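J.: Encoded as structure tokens, here's the structure I'll be asking about.
Coordinate-derived values only; no laboratory data. Bear in mind that the values here come from a model prediction, so they are computed numbers and not experimental data. All Cβ positions, even for glycine, are placed from backbone atoms using ideal geometry, and neighbour counts span all protein chains on display.
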Amino acid sequence: MIITVIMIWDLLDKGEDKMVIQTVDGAICEDRLGKTYIHEHLKIDLSKHKGSDDTNFNDLEAVIEEMKTLKSKGVNSIVEVTNRGMGQDIAAMQKVSRQCQLNIIASTGFYKEPYLPDYFYTMTEKELAKLLVKDILEGIDKTGVKAHVIGEVGTGKENISDEEAKIFGIAIAAHLETGRPISTHTTLGNLALQQLKILSDSQVDLQKVVIGHLDLNCDKDYHLRVADSGCYMAFDTIGKTSYQLDGKRAEHIKILIDRGHVNQIMLSQDITRKSHLQSRGGIGYNYLMDTFVPMLREVGVRETEIDQMLIDNPKRFLAI
């Protein structure tokens, strides 16, 4: 609270028209955001339904070591999209923030089936939306830490179930009341257009929406149809080459840039497993900066365009 008040007062005192972004350690102005990973997890547990301890991602000390390295490479901010039912841990986010001097931005929402808490099925859409609004305006689980993003809210691979339609209804209600940006999950990059229709039909400003995991479905015409809606597009599973080769991801980013959509693209890796960490033999959080950014340069993406995707677009998407 003290940090938030001081920051807002400082901006008012200087007479500057700055936008505010909530982090787990208080509010910051948009200019402090810097290079941003738009869709990450620092701690998440999906093991109950996936049946694998690898998906109980809880090696916080290893995460901290990688985040310190990431900070040294110029990354300043992480949007942490672990939400209700996914093992969200605010204390862990604060520990990473303070030890690594990173801006960690928390989220609220409901993911997708089967990763929903029991109370989701017994409470009404209106009641659940009130929980998200409380997370945003008052704080999550009595921590006083306010969520800034509504996400990640998701759909399945082939159709949107009644429960997932309810998830979107809850997210929409919270967005319309608070104005906070919405971050979605698409399974294997599918159903983005269906998500966008639900959102647009409810008068959601699509310039405050980022559609997640589009790099899992690198179809040019599909990407261009999504881009034409005006929403943000997340290439946020970078490094997961069992789904899609990174060379193809880079090529499709260049296609979108050449078609005038550089101001809609944002980047991340969506680390969710212990085996993704460098200490466990995985690619680690630094892969985007160390390996993928050079790939972008090789296909002709300019430095100003890389900065647009990592700095300018997240700042515009997140600022309220």
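J.: Whole Å is fine, so just give me how far the alpha carbon centre of segment 164-222 lies from that of segment 299-320.
T.: One Cα centre to the other: 20 Å.
J.: Rounded to the nearest 500, what is the 222 nm mean residue ellipticity of the chain from helices alone, with -39500 (n - 2.57) per DSSP H run of 4+ residues and division by all residues?
T.: It comes out at -11000 deg cm²/dmol, rounded to the nearest 500.
J.: Where the only charges are on Cβ atoms (+1 Lys, Arg; -1 Asp, Glu), what is the dipole of segment 133-274 about its Cα centre, to the nearest 20 debye?
T.: With Lys and Arg at +1 and Asp and Glu at -1, about 320 debye.
J.: Once you place label points 7 Å from the Cα toward the Cβ at Asn263 and Asp25, how far apart are they in nm?
T.: So the two model labels end up 3.3 nm from each other.
J.: Quote to one decimal, in nm, the extra length available between Gln203 and Ala91 on full extension: 0.36 nm per residue of separation minus the C-alpha distance between them.
T.: Working it through step by step, the gained length comes to 36.8 nm.
J.: Sticking with this structure for a sec: Note down the relative contact order for the chain as a percent, whole number, built from C-alpha pairs under 8 angstrom at least six residues apart. Mind dumping the intermediate values first?
T.: Details: 635 pairs, mean separation 59.3, N = 320.
RCO, the chain: 19 percent.
J.: Which links in Lys254/Lys315; Lys126/Lys220; Lys146/Lys254 stretch past 32 Å when you go from one Cα to the other?
T.: Too far apart for the 32 Å limit: Lys126/Lys220; Lys146/Lys254.
J.: Amide H to amide H, which residues 5 or more places from His185 or on other chains are under 5 Å from it, using H placed in the peptide plane?
T.: Sorted by chain and number, the residues that satisfy this are Val153, Gly154, Thr155, Gly212.
J.: May I ask you to sort Val293, Val209 by Cβ crowding, counting other Cβ atoms within 10 Å and putting the fewest first?
T.: Val293, Val209
J.: First measure r as the distance between the Cβ atoms of Lys130 and Tyr243, then evaluate 1/(1 + (r/R0)^6) with R0 = 30 Å and state the FRET efficiency to the nearest 0.05.
T.: 0.25
J.: Toward the positive end of the charge dipole of the chain, about the Cα centre and with charges on Cβ (Lys, Arg +1; Asp, Glu -1), which of Ile198, Gly139, Ile283 goes farthest?
T.: Ile283
J.: Ok, one more. Between Ser52 and Ile320, what is 0.36 nm times their sequence separation minus the Cα-Cα distance? Round to one decimal in nm.
T.: Result for the pair: 92.6 nm of gain on full extension.
J.: Setting aside same-chain residues fewer than 8 positions from Lys50, which lysines have a Cα under 24 Å from its Cα?
T.: Lys112, Lys157, Lys166, Lys240, Lys274
J.: By per-residue mean of other Cβ atoms within 10 Å, what is the highest-first order of 222-228, 270-276, 155-161?
T.: With the highest mean Cβ count within 10 Å placed first, the list reads 270-276, 222-228, 155-161.
J.: State to the nearest 20 debye the size of the charge dipole of segment 35-318 about its Cα centre, where the only charges are +1 on K and R beta carbons and -1 on D and E beta carbons.
T.: That gives a dipole near 460 debye.
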